[in-house]
Amino acid sequence: MIEKCNYCGSQVICVSTKEFYGRDYGGNIWKCTSCDAYVGTHKGSKVPLGTLANKELRQLRNQAHALFDPYWRKGRMSRHGAYRKLSEFMNLPKAETHIGMFDVDKCRKLINGFADFIEKGVVNHG
Ligand SMILES: [Zn+2]
């Protein structure tokens with residue numbers, strides 16, 4: 001479902017998590033055959049969670065999730081409500097409001113401004 005690496009243009013292949021991590025996590029990984037970019041899939045499927053990410057982007061996506069997920073995981077708002085807020089903050093349609101689809105700039109925007117947006121209702125464009 002992903003044919004080419006969005007970083008280097010090389011071929012992308014789908015491997016099991018067992019093959020990739022040496023342990024079966026129940027999903028698959030789309031990985032570039034040349035560089036270190038990869039992305040996981042939804043459990044039990046080959047549907048990618050988003051676009052391929054290199055190390056920098058993977059770290060930023062992890063940070064973004066670490067900041068965002070507690071809003072709904074800890075019951076402060078519903079998952080649906082949290083994503084609605086995120087889509088409002090990011091100024092993105094809901095279908096594109098998935099951290100797995102975010103690039104570096106979008107991750108940084110979330111990391112730097114989402115908490116303020118929730119607390120104060122302001123979008124910090126800094
Ligand atoms: Zn690549």
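The values are calculated or read from the model by the stated rules, or taken from the named source; none is laboratory data. Since the structure is predicted, the reported quantities are computational estimates derived from the model, not experimental observations. We place every Cβ from the backbone using ideal geometry, glycine too, and count neighbours over all the protein chains shown. Note: accessible area is taken over every heavy atom of the protein model, side chains too, but ligands, DNA and RNA are not part of it. Shrake-Rupley method; radii C 1.70, N 1.55, O 1.52, S 1.80 Å.
Data for the structure
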{"read-out": "Extreme residue, positive dipole direction of region 15-80, given options V15, A66, A53 (C-beta unit charges)", "value": "A66"}
{"read-out": "Value of Rg to Rh for region 1-70 (Rh from inverse mean 1/r over Cα pairs, i.e. Kirkwood)", "value": "0.97"}
{"read-out": "Low-density loop positions, trypsin sites (Lys or Arg not before Pro), region 51-102 - DSSP coil, at most 12 other Cβ in 10 Å", "value": "K74, R76"}
{"read-out": "Debye intensity ratio in log₁₀ form over the Cα atoms of the chain, taken at each q of 0.09, 0.14, 0.19 Å⁻¹", "value": "-0.29, -0.67, -1.06"}
{"read-out": "Distance (nanometres) between label positions extended 7 Å along Cα→Cβ at D105 and K55", "value": "2.5"}
{"read-out": "Karplus-derived HN-Hα couplings along region 17-32 (A = 6.51, B = -1.76, C = 1.60, θ = phi - 60°), whole Hz, x at Gly and Pro", "value": "4, 5, 5, 7, 9, x, 8, 8, 9, x, x, 10, 10, 8, 9, 6"}
{"read-out": "Kirkwood Rh and Cα Rg combined as Rg over Rh, evaluated for region 55-120", "value": "0.93"}
{"read-out": "Gain in span if fully extended, M1 to A66, counting 0.36 nm per residue against the direct Cα distance", "value": "20.7 nm"}
{"read-out": "Solvent-accessible surface (1.4 angstrom probe) belonging to M101, in square angstrom, nearest 10", "value": "90"}
{"read-out": "Cleavage-rule hits, GluC sites (Glu not before Pro), region 1-91, DSSP coil, Cβ neighbours within 10 Å at most 14", "value": "E3"}
{"read-out": "Solvent-accessible heavy-atom area per residue, rounded to whole Å², over region 55-120 at 1.4 Å", "value": "59"}
{"read-out": "For G26, net neighbour charge (Lys/Arg +1, Asp/Glu -1) across residues whose Cβ lies under 11 Å away", "value": "+2"}
{"read-out": "Within the chain: Cβ-based charge dipole about Cα centre, in debye rounded to nearest 20 (Lys, Arg +1; Asp, Glu -1)", "value": "380"}
{"read-out": "Sulfur and carbon atoms: percent of accessible area, the chain [1.4 Å]", "value": "48"}
